[in-house]
Amino acid sequence: MAEDMEESAEILGDINLTLGMLNKEDNISKEDIYGHLASTIQNTDILDDAIVQRLIYYASKDMRDDNILREIRMLAGEVLVSLAAHDFNSVMYEVQSNFRILELPNEFVVLALAELATSYVSQSIPFMMMTLLTMQTMLRLTEEERMKGAFCVALEKFSRAIYKYVNHWRDFPYPRLDANRLSDKIFMLFRYIMDKWASTTSPTQILAIIKALGPTVSLLLHREDLCEYALGQVPWLLNQYKDKEIDFHVTQSLRQILTAAVLYDVSLPKALRKAIFINLLRQVCRVPEPPEKENETEASNCFLILAHSNPADLMDFFDEQMRNNHEAIRMGILTLLRSAINAEEPKLRDHITSIEKAVKVVMGDLSIKVRNSTLLLIQTMCEKCYIEAREGWPLIDYIFTQFSMSNKNLEKPIKPNSQETEKGETSIREISLEVLKTLDPLVIGMPQVLWPRILTFVVPAEYTGTLKYLFNIIRILFMAEERKKKNAEESTALVISTGAVKLPSPQQLLARLLVISMLASVGKLRGAGAIGLLKILPEIIHPNLVELWKTRIPELLQPLEGKNSSIVLWETMLLQLLKESLWKISEVAWTIQLSRDFNQQMDSYSNTSVEKKFLWKALGTTLASCQDVDFVSSQIKEFLAAPHHLGDQRQGITSILGYCAEKHFEVVLKVLKTFQDREKFFMNRCKGIFSGKKSLSKTDVMVIYGAVALHAPKSQLLTRLDQDIVSQVLFLYGQCSRVLGMSVANKDMDLQMSFTRSITEIGIAVQDAEDETFKFSYKEVLLGYMLDFIRDEPLDSLASPIRWKALIAIRYLSKLKPQLSLNDHLNILEENIRRLLPLPPLEKLRNEGETDKDKEHIQLLRTMMWDNMKAEDCQEMFNLLRMWLVSQKDWERERAFQITAKVLTNDVEAPENFKIGSLLGLLAPHSCDTLPSIRQAAASSAIGLFSIKGVHLEVERLQDLQEGLQCDDVQVQIKISSKIAKIVSKLIPSEEMLVFLEETLDGLESLNPPCTKACGVWMITALKEQGATLEDQLLEILGIIYHHMPVLRQKEESFQFMLEAISQIASFHMDAVVANLLQKPLPFDRDTKTLWKSLAENPASSGKLLRALVDKLENELEDDLARIEAISVACAVYEVVSTGTPVASLYPELFALLLKLVSCTLGQKMPTSALSRRRRVMPQGERQQIADPCRLSTTTLKCVQAQAMREGLTKESDEGDNVWTLLSSPSTHHIGVCALARSMAVWQHGIIRDITEQLLPSLTSSSENYRITGTAFFSEASHPRRLLMKEPVLWKHGNLREVLVLMDQSAWDSNPILRQMAIRGLGNTASGAPHKVKKHKQMMLESVIRGLYHLARTEVVCESLKALKKILDLLTDRDVSFYFKEIVLQTRTFFEDEQDDVRLTAILLFENLASLTGRRWKIFFAEEIKKSMISFLLHLWDPNPKIGTACRDVLIICIPFLGLQELYGVLDHLLDVQDLPRARDFYRQFCMKLSKRNQEILWILHTHSFTFFSSSWETIRSAAIKLTDAIILNLTYQYVELVDREQLTTQLQALRQDPCISVQRAAEAATQTLLRRCKEISVHL
């Protein structure tokens, strides 16, 4: 409610706003405003009174304002009229106030009054008298045309309003008014207008009067006193039919007048009626220009009114006009009659006879349009029961006549038809059929019209096209009669005289209906209708047939229930029905007449039609059933003498005589023989027996003999075959093949076809005789003829049917006794295949209409394939097709597969030992071939192979999949083929898998890409399904696959399928496959590598593959010797792991084994016998590498490590890729092993533990290399950063002690590398297992100290020093007291070693020894420090910065032993600065401090410095000179005197010649210092 109020408020606000805009003088905006107001007022139920009054004021003012545009004034008037819905009285008052007596009003005031009268009749009538009176005073004042028009409009609207009141006054809400007074005023106004204004020539004025005349006259007709005047104005109205633009309004007014006349029962004068008829007919039948549609419709409505009021006069008028022979008038009247009948005017039904007579008048009219209209009228008359029994038959006959005429005019026109004529005739034919289709034969009166005369249209050929509907009409009529018979004792509905109509005889009906019934087999409705009529008309045909047909015809109809009934089967059933019917009738005269009627109907059908072919056979069957031999003989003679009457004389006479021979075999042969003897036509090569073209030929007679043999009774045939039939055929063919008495190669196709047909039918007849004892003596001769025909046929076309006809003949002849040998059979089959398969593509043949022949070839070849039931023989026959199945030409493959599909259908059974494996591998991949027909045939063949072996398959599912192969999408094809393969592969006999796989591998080599893919799919699917059962055939299968590899490598996709096949086999038999592949020579060729990688990339086999290889490698390395087999395994592992195969589960074992293999192959060469003897073609510029076992093994280990790093099992070696170079060289192998050990991931404790456990045996191996490898690994693995020595596997059950003992033993080994690694291991053990050092300190110290004496190998010494440092870090002074002096002395010997690492380690070790002196060795150690200090001081400037740092540190540690703590300041300064101070400054400060504390040490330094003047390092020489300079400078006089000046000077002089400038300068400075000190001494002295 609230929403409605809000909406109303919004509308009122909108109107108020609009009213405010009306004050403006803008005409354009006013037009929009009034348009908007009109819409708003009409859509609003309630308006405020004040707004209504304001709107009335503005609308009235603008409506009357002459200065405003006319369009705006009209809109204002509309708004004013629409306001009457809200306040009628106010609006009427406003209008009436401007409509005053004797004062000419505004035009729009008059129009507003008129509109109010029409829109508000009830409210306007009370004001009507006043309005009319006022208007009456105004007419005389009117001179302008517009005002006259306005008054005419007002008269029209006022008349309508009053007319409505007169007829419906009871519906008005106030007392009845005097309508006569109102009509009087209308009459006066109307008379004035007609008298004064009707004579005007203004079209506009005339139109206004015409519009007003209809309503006004209609109103006046209710007054008897005014009726005559009103009707008197109608002629004026009719005279206005001049202009198309006003004709409609004239007709409209006339319709209003006619309607009123009927309403008031006013009888129109005869003359006026005639004038109305004529004028209205002109409106409907205008010739120059077609009438306007709306005018024509109005005129038709007028005729309907006249048909109601004056039907008799109207029909008389129509009859009169129809006889004028005017096309347009006839068409118009026929159309009007049709409309009137459709309107179902009751009074018109009394004039049915008149209508029928009117139609009969135009039945002879040849005009297409008239014929068309007549048919439509007849159709309507039939539908509306306007047909009566006495006169109705000609109308029905007219329908059939028009159909026949139009057919004739279309098919055999007298003169060429124009496009319009042809279109019209086609329309007539279609309408005729439509009339028959819609005809209801049971409407009132129709049965009496139709029956039985409708039967006359059944037999004539010209009505054949109507039979579909004709049979339906007859059936309905007859069944209706049958129903009436059941309901009443007697029915007269169909009992009526036929008059002059001649009904068909029973024989004619039977002949016609039986022939037409043949069409039911091809889906024609008239065929089904004919057989339906036979079912219900047996009494009319013959009383004896009632019971027979009651049972036989329903059986006959059963095949028709399926949509695809066989034509041959249907024909056979109809002929059988005919035989049984004639036997049941058993009347010779009746049968003779039927044969004559069949003969008379020969011209009713075309020679190629199904009906004509059946007619010949029906005639022959009828003659066969005739017991009058003389009549039969005479008929045969007549046909032989005049065969042209039969249409196609050869086919006709052949069919008739053939079917006649079924019961009159002897008669037919006798007549034929007599006919030949009498004519004597064998004297020349002329084919015709008579000279005319209408006579039979020799070839015709050959064909007749074949047909007679085919239909002859089997009991009589064989005795007469050779002498009376075959010999005659051969004789006739020989005669036709002679020229001037000489035999020639005959190329006459007709002759060859006829001869072949005759031989084929003879073969069929003999085979059907089923006499096992009969041997056909002419078999070999006839086969020779047929093969010659086939050989002579071209290979580029099937245009000639001789090939397939000869093939049919061969098929039947080959089955006759005596039996053919296998060789003969194969030769025949091969010859046929060779002549069939190279033919052009099926698509081309299809376009040429030759496909059916091709299919027939294929069907015949199929039957020949299974003639021999020996498995080997059948295989041989299939081998004939092999080359065609893989042909490069699509059409040859297509035919080959069609043959194969037909051969392998499920209605045959293969011989017991028939092998399907090879055939399946050959056929199945073509399920993805290029052509849909090949794909489906291939799938059907593959499925058929199992069916013929009696294997049960999922038939429905396979058929659905097979249908899907129609799709052109290759991916869809592959998917479907894979599904089929999965279903059938499991059913392949396991013993045939080898040949199946070999066939598919051949396909991978040679087929097109889609078929190649299908080959792979089938091969893989079969292996998945049956791989487990192939163990016995495994080596053969692998051998076949290897054999195909070189070719398949050239085809990437095929190669991938082959690899997948090996992977699939390996998933079932991994060990066998691995063993087989490992037999390949080294280094592996590309194919072998690819196979390994393929196996590795297969998820189903990769895990088992690596396990198998690890086991194999372990077995091969069991005795620590690396033979070629182990290297092969390593190469295989490389190929497998390089594909990314995960190694996590086998990594410890694999790592240990490969490391062992690398160790055992160090320095080895590949045995010559193991190398591949194949010639290797290398890319240009590339040299073939010599196979190196160690390199191969190292490469494999490198690959495994890389994969392990990717899996997070280890980390990259600190040596980078150099580790593998180190590892593969005998001299650096141990370094590489150590680097590998260092790369062990410390977080992978389990892996490290497993690796060490695997490598423990290496420490005791008989192979020195392997011992080195194991010792090197454990030596590095003992490092604290690897934490291996903390692993339980090393120390539980005494393992650690065992390791230490083994290392101790190795430390004494003669092999320096082994000693080095053992000592390193002992040293690292101290860090890795410190808790065990004290327990084994003696063993460890002795082994390590011994290494210090191995001066020939610096590496051993260095390792010993490092090991000592690590061990000593864990021992106390008591633990090492026994070895302390030896260690110190040996350590000092390496301070000046050339190897940086040795020097550095020795200095660091000496630093550590300072903490182990104890009381016992403190003095000793101090003395050793004095001896070593020179080295420490000089090596502060060692080329290796690390050594300088170590010397600085050891000086700081050792100074306290000498009591020289004052030197800390100098050393601290050395530590504080980032860069080393100048050596000269340092030494001077140091010596200055030292001189003050201990001149003895200073002197010791001087005495030891001479040895360093010859050092190989420039920095040491320079430092020694500078130190000597500082010493000389700070020695006391007593010590200076002790200096050997001569020696020192000599050495310094020599050093001044040193290559190094810094040495030269230092020597120069030292010399100067020496000289200065010497001077000072001399002065002092």
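The values are calculated or read from the model by the stated rules, or taken from the named source; none is laboratory data. This is a predicted model, so every value here is computed, not measured. Quick reminder, even Gly has a Cβ in these numbers, built from the backbone with ideal geometry, and neighbours come from all protein chains shown. In case anyone asks, the SASA skips ligands and DNA or RNA and just uses the protein heavy atoms, side chains included. Shrake-Rupley method; radii C 1.70, N 1.55, O 1.52, S 1.80 Å.
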Would you tally the residues in the range 1531-1581 being open to solvent by 20 Å² or more (accessible area, probe 1.4 Å) and aliphatic (A, V, I, L, M)? 7
Is there any pair linking a residue in the range 1067-1078 that is within 19 Å of Ala1022 (Cβ to Cβ) and modelled with pLDDT under 80 to one that is open to solvent by less than 20 Å² (accessible area, probe 1.4 Å) and not in a helix (DSSP H, G or I), with Cβ under 6 Å and at least six apart or on different chains, and which? Ser1067/Ser1101
Those residues of the range 358-375 that are among the basic types (Lys, Arg) and under 16 Å from Thr426 (Cβ atoms) come to a total of 2
Select from the range 1376-1388 the residues that are open to solvent by less than 30 Å² (accessible area, probe 1.4 Å), out of contact with any Phe, Trp or Tyr (no Cβ under 7 Å at 6 or more places or on another chain) and of a type in the set (A, V, I, L, M, F, W, C) and list them in ascending order. Val1376, Ile1383
The residue from Gln767, Gln859 that alone is out of contact with any strand residue (DSSP E or B) (no Cβ under 6 Å at 6 or more places or on another chain) and modelled with pLDDT of 70 or more is Gln767
In the range 891-941, which residue that is open to solvent by less than 30 Å² (accessible area, probe 1.4 Å) and among the aromatic types (Phe, Trp, Tyr) is modelled with the highest pLDDT? Phe897
Check off (1) touching a Lys or Arg at 6+ places or on another chain (Cβ under 7 Å); (2) not in a helix (DSSP H, G or I) for Thr1021 and give me the number that stays unchecked. (2)
Which residues, taken from the range 1195-1218, are buried (at least 21 other Cβ atoms within 10 Å of the Cβ) and modelled with pLDDT under 80? Ser1213
In the range 1232-1245, how many residues are of a type outside the set (D, E, K, R), in contact (Cβ under 8 Å) with a residue 24 or more places away in the chain and open to solvent by 20 Å² or more (accessible area, probe 1.4 Å)? 3
Which members of the range 1045-1059 meet the condition of being surrounded by fewer than 18 Cβ atoms within 10 Å (Cβ to Cβ) and either touching a residue at least 60 places away in the same chain (Cβ under 8 Å) or assigned to a helix (DSSP H, G or I) (or both)? Pro1046, Val1047, Glu1052, Glu1053, Gln1056
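For (1) of a type in the set (Val, Ile, Thr); (2) within 21 Å of Ser625 (Cβ to Cβ), each residue gets a yes or a no:
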residue: Thr699; (1), (2): yes, no
residue: Ile704; (1), (2): yes, yes
residue: Ala707; (1), (2): no, yes
residue: Leu710; (1), (2): no, yes
residue: Ser715; (1), (2): no, yes
residue: Arg720; (1), (2): no, no
residue: Gln723; (1), (2): no, no
residue: Leu732; (1), (2): no, no
residue: Ser737; (1), (2): no, no
Could you check how many residues of the range 238-251 are closer than 17 Å to Ile305 by Cβ and at pLDDT 75 or above? 3
Scanning the range 1066-1108 residue by residue, the ones that are within 35 Å of the chain's Cα centre (by Cα) and part of a loop (DSSP other than H, G, I, E, B) total 4
Looking for whichever is part of a helix (DSSP H, G or I), modelled with pLDDT of 75 or more and either more than 60 Å from the chain's Cα centre (by Cα) or not aromatic (Phe, Trp, Tyr) (or both) here; the options are Ile125, Ile101. Which one fits? Ile125
Number of the exception - Ile592 against (1) farther than 18 Å from Tyr659 by Cα; (2) at pLDDT 80 or above; (3) surrounded by 15 or more Cβ atoms within 10 Å (Cβ to Cβ); (4) not basic (Lys, Arg): (1)
For the range 1411-1425, the count of residues that are within 14 Å of Leu1364 (Cβ to Cβ) and surrounded by 20 or more Cβ atoms within 10 Å (Cβ to Cβ) equals 1
Determine whether the range 609-620 contains at least one residue that is at pLDDT 85 or above, of a type in the set (S, T, N, Q) and either open to solvent by 40 Å² or more (accessible area, probe 1.4 Å) or closer than 20 Å to Ser521 by Cα (or both). no
Looking for something at pLDDT 65 or above, over 16 Å from Ala1363 (Cα atoms) and either of a type in the set (A, V, I, L, M) or open to solvent by less than 10 Å² (accessible area, probe 1.4 Å) (or both) - is there at least one such residue anywhere in the range 1282-1289? no
When the residues of the range 532-544 are narrowed to those that are open to solvent by 20 Å² or more (accessible area, probe 1.4 Å) and among the hydrophobic types (A, V, I, L, M, F, W, C), which ends up nearest to the chain's Cα centre (by Cα)? Ile536
Please pick out the residue among Ile1527, Ile1521 that is in contact with a His (Cβ under 7 Å, 6 or more places away or on another chain), closer than 18 Å to Ser1431 by Cα and either of a type in the set (D, E, K, R) or surrounded by 18 or more Cβ atoms within 10 Å (Cβ to Cβ) (or both). Ile1527
Among residues belonging to the range 659-668 that are out of contact with any Phe, Trp or Tyr (no Cβ under 9 Å at 6 or more places or on another chain) and part of a helix (DSSP H, G or I), point out the one that is most open to solvent (accessible area, probe 1.4 Å). Glu666
Just checking, how many residues over the range 1115-1159 are over 17 Å from Ala1075 (Cβ atoms), part of a helix (DSSP H, G or I) and not hydroxyl-bearing (Ser, Thr, Tyr)? 14
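Yes/no matrix, rows are residues, columns are (1) among the basic types (Lys, Arg); (2) in contact with a Leu (Cβ under 6 Å, 6 or more places away or on another chain); (3) buried (at least 22 other Cβ atoms within 10 Å of the Cβ):
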{"residue": "Phe1390", "(1), (2), (3)": "no, no, yes"}
{"residue": "Gln1395", "(1), (2), (3)": "no, no, no"}
{"residue": "Ile1403", "(1), (2), (3)": "no, no, yes"}
{"residue": "Leu1409", "(1), (2), (3)": "no, no, yes"}
{"residue": "Cys1447", "(1), (2), (3)": "no, yes, yes"}
{"residue": "Ile1453", "(1), (2), (3)": "no, no, no"}
{"residue": "Phe1457", "(1), (2), (3)": "no, no, no"}
{"residue": "Leu1460", "(1), (2), (3)": "no, no, no"}
Take the residues in the range 500-531 that are open to solvent by 50 Å² or more (accessible area, probe 1.4 Å) and more than 44 Å from the chain's Cα centre (by Cα), then tell me which one is nearest to Ile476 (Cα to Cα). Leu503
Among (1) open to solvent by 60 Å² or more (accessible area, probe 1.4 Å); (2) closer than 16 Å to Glu298 by Cα, the one test that Ser267 misses: (2)
